[in-house]
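Derivation of every value follows stated rules applied to the coordinates shown; laboratory data play no part. Being a predicted model, the structure only gives us computed values, none of them experimental. Please note: Cβ atoms are built from the backbone with ideal geometry, for glycine as well, and neighbour counts cover all protein chains shown.
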Amino acid sequence: MKLDNIKTLEAFREIIQLGSVTAAARSLGFSQPAVSRLLAQFEAELGFKLFHRSKGRLLPTSQALILFEEVDLALQGVERINVLAKDIRQTNAGQLRVVAPPSFAEGPLVKLVATFLTLHPKIHINIDSRTRPTVMNLVATRTADCGFGKLPLDHPGIRLRPLISSPTVCVLPPSHPLSAGKRAIGAKELAGEPLILVGHRGGDTRMRIGRAFQQAGVHPNVRLETHNVGAACALAAEGVGIAIVNELLSRRSLWTGVCIRRFAPAIEQEYVFMSSANVRETPLTEAFYLHCRAALSGRTRSKPREPRPA
């Protein structure tokens, strides 16, 4: 027996609950002959009678009552599937696998995910914190649905979409003389100051910062290097040195009492949203991207630009 006709099961359940073919047909929006045919076909397929008549009503047999419990459970499952499908279409349900470098995962991503979950409470999100090369590989292989990174990035398997351009800033204690009455601190003013720098020496941002000092005729006094923006800001708060980081990731360190000033000349650091280039983004991934871009657009004055080539 094949129980693949949902209408047949629905007709059976309605007849049990309402006690007549006429009432069942009215409830389902079917004609009475159509419901009678469905019932007859169902009984023929099962090989036993489901109802007998008594005073104008259809009364279920003992076999029908046993069957009803399973049919009702099955139809409830179908109804849940329909609701879930609707939720998925409207990005109200589903799972999102997100990957980002540690500084981003521990910084801006926290607020982005929290606000997204407030808007979409049925969504399940898995966050993974990895190095930049691993982030790209996980996204390209679709192990992760999306990821975050900073340009330049070069991977044939990922699609890049702009998020925000964040200026480079200096993070220092409020008591530091350079924090007084300044909106920006120039490379020349940092001559002799102990510095905390983030990232690889050969990385794009480090090289751009190095060129700024070179053009100012200053040899930077690098006292400490780290790959974590949060650590750099915390060390700056402890008076170890002046951290040169990007504004977006430094914002979460404001509670430590540090002072943030723009670095001059201006060095913009561009953040992007990554997804696999080999498949179309799901509605949920698209909704998350749009949410992130809208949320981040108020974090700095800079407008996001299209990704430039690596």
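When the helix-only estimate is applied to the chain (DSSP H runs of n ≥ 4, each -39,500 (n - 2.57), divided by the residue count), what is the mean residue ellipticity at 222 nm, nearest 500 deg cm²/dmol?
One gets -12500 deg cm²/dmol as the mean residue ellipticity at 222 nm.
So which chymotrypsin sites (Phe, Trp or Tyr not before Pro) in the stretch 8-109 end up in coil per DSSP with only 13 or fewer other C-beta atoms within 10 Å?
Here the chymotrypsin sites (Phe, Trp or Tyr not before Pro) that fit, given the DSSP loop and packing criteria, are 48.
Roughly speaking, what is the centre-to-centre gap between the stretch 31-66 and the stretch 123-184 when only Cα atoms are used, to the nearest Å?
Using only Cα atoms to place each centre, the spacing works out to 64 Å.
Place a +1 charge on the Cβ of each Lys and Arg in the stretch 6-89 and a -1 charge on the Cβ of each Asp and Glu, then give the dipole magnitude about the Cα centre in debye, rounded to the nearest 20.
I would put it at about 340 debye.
What is the stretch 165-269 by shape, rounded, prolate or oblate, if you read a ≥ b ≥ c off the alpha carbon gyration tensor as root eigenvalues and call it rounded for a/c under 1.5, prolate for a/b larger than b/c, and oblate otherwise?
It is rounded, given that a/c, with a ≥ b ≥ c, falls under 1.5.
Helix 283-296: angle to the longest alpha-carbon principal axis of the chain, degrees 0 to 90, nearest 10?
That helix lies at roughly 30 degrees to the long axis.
Under 18 Å Cα to Cα from residue 150, which aspartates and glutamates show up? Leave out anything in the same chain fewer than 8 places away.
106, 128, 204, 247, 268, 270, 306
Take peptides 228-234, 132-138 and line them up by average Cβ neighbours within 10 Å, highest first, as a rough protection proxy.
Those peptides, ordered most packed to least, come out 228-234, 132-138.
Consider the candidate values [x] 17.4; [y] 16.4; [z] 22.5; state which one is mean projected area of the Cα convex hull in nm² computed from the structure displayed.
Identified label for the calculated read-out: [z].
Determine the percent antiparallel among the DSSP beta bridges restricted to the chain, to the nearest 5.
The antiparallel proportion sits near 55 percent.
So which aspartates and glutamates pass the test for residue 122, namely a Cα distance under 14 Å, with those fewer than 8 places away in the same chain ruled out?
Reachable aspartates and glutamates: 87.
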